[in-house]
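For reference, the structure is listed below as structure tokens.
The values are calculated or read from the model by the stated rules, or taken from the named source; none is laboratory data. Being a predicted model, the structure only gives us computed values, none of them experimental. Glycine gets a Cβ as well: all are built from the backbone with ideal geometry, and neighbour counts include every protein chain shown.
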Amino acid sequence: MVVLLAGCSSAEGSDVRPVPAQAPVAKQAGAPACTVTTKLIPSCGAWWGMAPEVFTGGSVEQALHGAESRMGAPVDVLHVYHRGSELFPTGAEVRLARDPARPRLLMVNWKPSLDRTWAEIAQGALDARIDRLAEHLRRTFPERFFLTLHHEPENDVDPSSGSGMGATDYAAMFRHVVLRLREKGVRNAVVVMTYMGAPNWAATSWFEDLYPGDDVVDWVAMDPYADDRVHDFDGLVNKTRKEYPGWPGFYRWMQARFPGKPVMVAEWGVFERPKDRAFKRRFFESVRGQIRRYPQIKALLYFDSPQAPRGDTSFDSDPGAARAFSELARDRYFRSTPVPRP
């Protein structure tokens with residue numbers, strides 16, 4: 001069985017080639033095979049992914065295998081985090097990506113620096129670090145992977161003059177890193193711009209200035225969480241607040257602002273509600289019932305952690321939640337397109 005890497009529009013190019021892939025879910029006779037573009041966009045359904053067992057102290061391999069065992073299904077996309085001078089992917093991440101029984105795509109979340117300003121990075125302060133990473137990627141990992149840079153920048157913006165951390169500084173930093181990597185031969189990174197997905201930041205005067213440009217961004221993403229104001233998946237991806245009446249919600253905004261780009265929910269999590277123990281179960285059921293209303297969402301990556309900063313987002317904190325999440329993970333919508341084999 002093969003899956004084609006084929007562009008779905010002229011914007012994706014015409015780089016079409018067969019690559020081995022594991023068999024997809026059985027389809028009706030005569031139905032077209034699901035494909036994957038060079039920008040890793042699945043033609044059918046959406047990728048199912050996860051940042052597994054975050055903050056538990058286990059290795060990435062232990063965490064992923066543990067999470068997959070707990071939910072009774074594999075992931076398509078493994079979300080990992082790196083910062084500073086760390087080289088990626090690590091040996092363990094490469095092994096998971098190239099697992100012959102079940103290959104996985106990598107979503108690498110990289111903060112290039114914790115002590116340099118965005119303006120400094122844009123002006124070349126970390127070029128040696130970027131070049132070292134580029135050499136590592138060229139040497140060790142030719143496969144396509146997702147890459148996001150300094151995700152959720154909104155709450156790090158300092159709009160004061162000369163801070164080096166303004167919204168335009170972020171856009172310049174993002175552009176510089178991507179273009180430098182490309183200049184040094186990294187052509188396999190599918191670049192993702194990741195927003196927080198919170199209405200209060202979207203209502204700021206500088207919000208639109210964060211975007212680095214279509215030429216350096218392949219996917220757009222949001223990181224929404226189900227807090228006390230959110231009751232179902234619709235409310236998660238289209239959060240609104242009455243104090244910001246002009247904000248339509250992130251998915252609606254992305255539809256209007258980026259009509260030709262795939263949307264990733266790069267992090268999403270459901271917090272415990274001690275007074276409503278059935279909330280997680282109902283929420284996971286709502287995702288399964290509503291995901292098809294959002295065809296531009298082409299990847300859904302859960303943030304699984306019993307110790308997340310704002311609460312417990314583990315998906316199996318009670319039997320009902322575990323059952324509903326497992327059913328969601330095994331839904332045909334997330335099982336229609338196989339991950340291309342390395």
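I'd like to know if region 159-168 contains one or more residues that are closer than 27 Å to A198 by Cβ and assigned to a helix (DSSP H, G or I).
yes
Have a look at G246, G269 and point out the one that is surrounded by fewer than 18 Cβ atoms within 10 Å (Cβ to Cβ) and either of a type in the set (F, W, Y) or in contact (Cβ under 8 Å) with a residue 40 or more places away in the chain (or both).
Criteria check complete, one pass: G246.
In region 12-25, is there at least one residue being at pLDDT below 95, closer than 20 Å to W110 by Cβ and surrounded by fewer than 15 Cβ atoms within 10 Å (Cβ to Cβ)?
No; the residues of region 12-25 include none that is at pLDDT below 95, closer than 20 Å to W110 by Cβ and surrounded by fewer than 15 Cβ atoms within 10 Å (Cβ to Cβ).
Say whether the condition of being surrounded by 14 or more Cβ atoms within 10 Å (Cβ to Cβ), on the phi > 0 side of the Ramachandran plot and not in a helix (DSSP H, G or I) is met by at least one residue in region 118-137.
no
Please go through region 41-63 and give me each residue that is polar (S, T, N, Q) and not in a loop (DSSP other than H, G, I, E, B), ordered by number.
Q62
Do you know which of the residues in region 310-326 that are among the hydroxyl-bearing types (S, T, Y) and within 22 Å of the chain's Cα centre (by Cα) is surrounded by the fewest Cβ atoms within 10 Å (Cβ to Cβ)?
S326
What residue, among those in region 64-111 that are among the aliphatic types (A, V, I, L, M) and assigned to a loop (DSSP other than H, G, I, E, B), is farthest from S326 (Cα to Cα)?
Per the stated criteria, the residue is L87.
Search region 328-342 for residues that are farther than 18 Å from M264 by Cα and at pLDDT below 90 and pair each with any residue that is of a type in the set (D, E) and assigned to a loop (DSSP other than H, G, I, E, B) when their beta-carbon atoms are under 6 Å apart and the residues are at least 6 apart or on different chains.
Sorted first by the residue in region 328-342, then by its partner, the pairs are P342/E143.
Test each condition in (1) in contact with a Gly (Cβ under 8 Å, 6 or more places away or on another chain); (2) closer than 26 Å to A299 by Cα for F88 and report the one that comes out false.
(1)
Mind checking which residues of region 36-66 are in contact (Cβ under 8 Å) with a residue 12 or more places away in the chain, of a type in the set (G, A, S) and farther than 18 Å from Y225 by Cβ?
S43, G45, A46, S59, G66
Restricting to region 272-304, what's the tally of residues that are at pLDDT 95 or above, surrounded by 15 or more Cβ atoms within 10 Å (Cβ to Cβ) and not aliphatic (A, V, I, L, M)?
Total meeting the criteria: 16.
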